[in-house]
Structures are given as C-alpha cells and as structure tokens.
1. How far apart, in nanometres, would the label points at GLU52 and CYS70 be if each is projected 7 angstrom from Cα along the Cα-to-Cβ direction?
2. If I build a Gaussian network model for the chain, linking alpha-carbon pairs within less than 10 angstrom, which residue out of GLU15, GLU48, GLU57 has the largest mean-square fluctuation?
3. Work out, step by step, the length gained on full extension between LEU32 and GLN63: first 0.36 nm times the residue separation, then minus their alpha carbon distance; give nm to one decimal.
4. What number, rounded to the nearest 500 deg cm²/dmol, is the helix-based mean residue ellipticity at 222 nm of the chain, given -39500 (n - 2.57) per DSSP H run of at least four residues and division by all its residues?
5. So how much slack lies between PHE19 and ALA6, counting 0.36 nm per residue of separation and subtracting their Cα-Cα distance, in nm?
6. Expressed as a rounded percentage, what relative contact order does the chain have, with Cα pairs under 8 Å and six or more residues apart?
7. Enumerate the helices in the chain for which the Kyte-Doolittle hydropathy averages 0.0 or more and the C-alpha atoms extend at least 18 Å along the helix's axis, using complete DSSP H runs.
8. Select from LEU37, LEU51, LEU23 the residue whose mean-square fluctuation is largest in a Gaussian network model of the chain (Cα-Cα springs shorter than 10 Å).
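Just so it is clear, none of the values below were taken in a lab; they were calculated from the coordinates. What you are looking at is a predicted structure, and each value in this text was computed from that prediction instead of being measured. All Cβ positions, glycine included, derive from the backbone under ideal geometry; neighbour counts span all protein chains shown.
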Amino acid sequence: MEEIRAIFKQIGKDEIDEFYEDLVFGGFIDSLDIINLVNAIENKFEIEIDLEDITPENFYSFQTIRELICKSQKK
C-alpha cells in the first residue's frame, strides 16, 4: 500500500491514504486524477492498464487499485 500512497503523493493527493474509501464518488479524486494515477501506475510498475479497466469502480479504494495493478501485471 506504500507504493500506492507514494503514487497519490506524486499526483498531488498527499492527504489520501489507504483508509479512504469511495475515492471517486466521495469527491476525493476526479477523472483527471484517474488519468494521472493510470499514467503514474503504468510508469512505476511498467504495465499497461486496459482502457476497459479504467472505471470508477477500479479506483474506489487502495485495495481496488491494488487489484487492478495485480490484474494488469498478469497480462
């Protein structure tokens, strides 16, 4: 989870940690933040996230983001 927290800090969302849930619909991140997260995740983990996986549900919490990363690493 530290790696995900570091990515949030990288995109300027220092206050968000693994205890936050409903990041999108709770108003903590928006569509531009998701784009920045996707770019940062792809660069850090050297993966490619499929377009169909870039949905609000996959950015609900640190856990769902972690699951997305794991899924993308298996491809």
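1. Simple spin-label model gives 2.1 nm for this pair.
2. Taking springs between Cα atoms under 10 Å, the residue moving most is GLU15.
3. Extra length from LEU32 to GLN63 when fully extended: 9.2 nm.
4. The helix contribution divided over the chain gives -15000 deg cm²/dmol.
5. Gain on stretching PHE19 to ALA6: 3.2 nm.
6. Reported as a whole number, the value is 35 percent.
7. Details: long enough: 31-45 (21 Å, 0.51).
TM-like helix candidates: 31-45.
8. Residue with maximal mean-square fluctuation among LEU37, LEU51, LEU23: LEU51.
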